Amino acid sequence: MTKYFNVGKIVNTHGVRGEVRVISSTDFADERFAVGSVLYLEHKDLQDRRQLKVASHRQHKNFDLLTFENHPNINDVVAYKGGTLQVTENQLSELEDEEFYYHEIIGCNVVTEDGEELGKVKEILATGAKDVWVVQRKNGGKDLLFPYIEQVVKQVDVREKKVVIHLMDGLE
């Protein structure tokens, strides 16, 4: 069975020429949304995923603006609003050491260097400079946010779904 991975969410249309406004959830927006790339749309109003081919991509403010082949105007894409853009597992490329896909990190258990369990990574915020990992606390307290930097993240084991961090002063 084919596995799909989210790369963006269509939040609105943009203009009248079939452009959609996407909030990216991938570190590789230029690669994922390159002209000719194949994406799959998952939407609550569709029974099956719809295959779409990117016709154009540009960035505007904090959004990626896309058009799709054979979707020349707003009426062709307005129903896609709220849908999720995905790629298949075989579209994922090999990463360098110390690089991870978001889906590999989300769900990982986070522990301190002393072995204290803090919770699970529930979200990754792409801030432009450094990603910020959001941890849902094990005890139900306020979420812990920490930057993905060498001084904080000491070890990531995606196979074991475990992240070891140095809990610097001010993070708690």
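The values are calculated or read from the model by the stated rules, or taken from the named source; none is laboratory data. Model, not experiment: these values are computed from the prediction. Reconstructed Cβ throughout: ideal geometry from the backbone, glycine too, with neighbour counts over all protein chains shown.
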Checklist outcome for this item: Taking segment 91-106 and keeping only residues that are in contact with a strand residue (DSSP E or B) (Cβ under 6 Å, 6 or more places away or on another chain) and not in a helix (DSSP H, G or I), one is left with Ile106
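For (1) under 13 Å from Gly119 (Cα atoms); (2) in a loop (DSSP other than H, G, I, E, B); (3) more than 19 Å from the chain's Cα centre (by Cα), each residue gets a yes or a no:
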residue	(1), (2), (3)
Trp133	yes, no, no
Gly140	yes, yes, yes
Phe146	yes, no, no
Gln151	no, yes, yes
Val156	no, no, no
Glu160	no, yes, yes
Val164	yes, no, yes
Gly170	no, yes, yes
Checklist entry - When only residues in segment 118-132 that are touching a Phe, Trp or Tyr at 6+ places or on another chain (Cβ under 6 Å) and not acidic (Asp, Glu) count, which is surrounded by the most Cβ atoms within 10 Å (Cβ to Cβ)? => result Val121
Next on the checklist: Could you list, ordered by first residue, the pairs with Cβ atoms under 9 Å in which the first is in segment 97-119 and touching a residue at least 60 places away in the same chain (Cβ under 8 Å) and the second is exposed (fewer than 13 other Cβ atoms within 10 Å of the Cβ), at least 6 apart or interchain?
Outcome noted: Tyr101/Leu95
Checklist entry - Among (1) more than 19 Å from Val87 (Cβ to Cβ); (2) among the β-branched types (Val, Ile, Thr); (3) loosely packed, with under 13 Cβ neighbours inside 10 Å, where does Thr13 come up short? => result (3)
Next on the checklist: Quick test for you: out of Val54, Val20, Val87, pick the one residue that is among the β-branched types (Val, Ile, Thr), in contact with a Leu (Cβ under 8 Å, 6 or more places away or on another chain) and modelled with pLDDT under 95.
Outcome noted: Val87
Item to check | Extreme residue, modelled with the highest pLDDT, among residues of segment 90-146 that are closer than 28 Å to Lys3 by Cβ and of a type in the set (S, T, N, Q) | outcome: Asn109
Item to check | Qualifying positions in segment 64-116 - more than 23 Å from Phe28 (Cβ to Cβ), among the acidic types (Asp, Glu) and outside the structural domain of Glu150 (by TED's automatic domain parsing) | outcome: Asp76
